[in-house]
Amino acid sequence: MKSKKIDPRVKLLSLFLISFIAMTGTTVGNQIYPRLLIIIIPAFCLVYLGFNKLGSLCLILLFAGWYGESFPFGNQYSATNSLIFITANLITRFLPPALMGYILIKTTSVEEFIRALEKLRVPNTLTIPIAVMFRFLPVVFQESRNIKYAMRMRGVTLGQSLVHPIRYTEMRIVPLINSMVKISTELTAASLTRGLSAKTARTSIIQLKLTNEDKIFAILILVLAIIYYGI
């Protein structure tokens with residue numbers, strides 16, 4: 001069975017629109033309803049891509065957060081309502097962009113991402129650093145986990161940070177910084193080796209083509225954004 005995928009260009013469009021509306025959206029008036037449809041799109045994307053449990057959990061969280069900030073209970077100026085509103089606001093404003101970023105990184109290879117940027121006519125001065133950063137973050141997280149495991153094997157645990165905070169920070173941060181410098185240099189060299197800095201058009205085995213599902217998805221997001229700002 002062929003795995004379901006979303007075109008990287010559609011993911012980028014979704015990331016920008018959903019992030020902007022989620023972060024700047026209002027919590028009053030008729031705009032709250034199209035905003036709900038927009039902020040739950042990442043949860044449906046997760047389900048569509050096969051992350052059923054995570055998508056379902058995020059869908060429940062987003063709906064609960066939207067309801068909590070849009071329809072306050074009882075006295076809206078009470079301490080309980082303020083706590084609910086702040087928590088719900090954090091969920092609806094930061095979770096959708098985080099989910100779209102997770103989807104973009106988790107389901108898009110570096111080659112596909114670079115090809116998408118080239119299709120969008122993004123200049124090399126932006127393509128190269130973006131491509132390096134796109135690969136940089138997952139590698140840094142993996143390196144951080146490796147350092148943590150190495151420290152655990154030597155008997156250095158998080159609890160010791162309370163007794164010797166400076167020593168623990170030094171043992172954790174210094175190796176990570178060295179690894180980050182080395183990784184960034186290697187990734188930049190790898191990107192240049194692939195010809196990203198070439199002024200002529202590059203060939204690629206990655207052929208991006210918008211499917212009917214991609215077109216419907218992109219149109220849906222654009223229509224919801226137009227409705228949101230048109231109300």
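The values are calculated or read from the model by the stated rules, or taken from the named source; none is laboratory data. Every value quoted in this text rests on a predicted model; they were computed, and no experiment measured them. Don't worry about glycine lacking a Cβ; one is built from the backbone with ideal geometry, like all the others, and counts go over all protein chains shown.
What residue, of Y102, Y77, Y168, is hydroxyl-bearing (S, T, Y) and modelled with pLDDT of 80 or more?
After ruling out the rest, the residue left standing is Y102.
Would you point out which residue out of S144, S191 is touching a helix residue (DSSP H, G or I) at 6+ places or on another chain (Cβ under 8 Å), at pLDDT 75 or above and surrounded by 10 or more Cβ atoms within 10 Å (Cβ to Cβ)?
From the options S144, S191, the qualifying one is S144.
Got at least one residue in region 159-171 being assigned by the TED database to the domain that holds T127, surrounded by fewer than 16 Cβ atoms within 10 Å (Cβ to Cβ) and not in a helix (DSSP H, G or I)? Quick ask: steps written out before the conclusion?
Looking only at region 159-171, we keep the residues that are assigned by the TED database to the domain that holds T127, and these are 159-171.
Of the ones still in play, those that are also surrounded by fewer than 16 Cβ atoms within 10 Å (Cβ to Cβ) are 159-167, 169-170.
Now restrict to residues that are not in a helix (DSSP H, G or I): 159, 164.
Checked against the condition, which is being assigned by the TED database to the domain that holds T127, surrounded by fewer than 16 Cβ atoms within 10 Å (Cβ to Cβ) and not in a helix (DSSP H, G or I), region 159-171 yields at least one hit.
Which one of these does I32 not meet: (1) surrounded by fewer than 21 Cβ atoms within 10 Å (Cβ to Cβ); (2) of a type outside the set (F, W, Y); (3) under 18 Å from the mean Cα position of the chain (by Cα)?
(3)
Hey, can you tell me all the residues within region 96-108 that are in contact (Cβ under 8 Å) with a residue 60 or more places away in the chain and either in contact with a Cys (Cβ under 7 Å, 6 or more places away or on another chain) or not assigned by the TED database to the domain that holds L59 (or both)?
Residue satisfying the conditions is I103 alone.
Among the residues of region 59-69, write down those that are in contact with a helix residue (DSSP H, G or I) (Cβ under 7 Å, 6 or more places away or on another chain) and either without any contact (Cβ under 8 Å) to a residue 24 or more places away in the chain or under 14 Å from I38 (Cβ atoms) (or both).
Across region 59-69, the qualifying residues are L59, L62, G65, W66, G68.
Taking the condition in contact (Cβ under 8 Å) with a residue 12 or more places away in the chain, over 27 Å from Q207 (Cβ atoms) and under 16 Å from the mean Cα position of the chain (by Cα), does P72 pass?
The answer is no for P72.
Could you say whether any residue in region 113-123 is at pLDDT 80 or above and more than 23 Å from P8 (Cα to Cα)?
No, region 113-123 contains no residue that is at pLDDT 80 or above and more than 23 Å from P8 (Cα to Cα).
Residues in region 47-58 that are touching a helix residue (DSSP H, G or I) at 6+ places or on another chain (Cβ under 7 Å) and among the hydrophobic types (A, V, I, L, M, F, W, C): how many?
Counting residues in region 47-58 that are touching a helix residue (DSSP H, G or I) at 6+ places or on another chain (Cβ under 7 Å) and among the hydrophobic types (A, V, I, L, M, F, W, C) gives 4.
Can you go through A131, A64 and tell me which one is out of contact with any His (no Cβ under 9 Å at 6 or more places or on another chain) and within 19 Å of G25 (Cα to Cα)?
Exactly one residue qualifies, and that residue is A64.
Give K199, K215, K209 a once-over and let me know the one that is charged (D, E, K, R), modelled with pLDDT of 75 or more and assigned to a loop (DSSP other than H, G, I, E, B).
Within the list K199, K215, K209, the selection yields K209.
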